[in-house]
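The values are calculated or read from the model by the stated rules, or taken from the named source; none is laboratory data. Because the structure is predicted, anything quoted here is derived from the model rather than measured. Cβ placement follows ideal geometry from the backbone for every residue including glycine, while neighbour counts extend to all protein chains displayed.
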Amino acid sequence: MNPKTASKLFESLSSPIRLAIFQMLTRAGKSGLVAGDLSKKLDIAPNNLSFHLKTLTHADLVRSEQQGRFVRYYANLDLMKQLAGFLTDECCQDSGGRC
């Protein structure tokens, strides 16, 4: 991952609401959550939730899947791991690798 991509992802997560949404979706794992459940659990109005989910989706941190009349959202766990790796790849290299 390059710094420009990482910066874009961090910018998408910079809102406390978006960070809470993403954390809840990462907790749900591969099961994901439907929008209504996210709205209730986070006490966020559906239109506000939709705005934040759109931002996370454009950053590729979240994907959605239509399931009948519901939309289920999933965290992009692979991208999350890449972002965490970006932060830790060079950890303590200037100190001989000893953290």
Could you please let me know if L25 is at pLDDT 95 or above, under 21 Å from T5 (Cβ atoms), under 14 Å from the mean Cα position of the chain (by Cα) and not acidic (D, E)? yes
Residue satisfying condition, being under 24 Å from E90 (Cβ atoms), surrounded by 13 or more Cβ atoms within 10 Å (Cβ to Cβ), in contact with a helix residue (DSSP H, G or I) (Cβ under 7 Å, 6 or more places away or on another chain) and not aromatic (F, W, Y), within set L33, L61, L49: L61
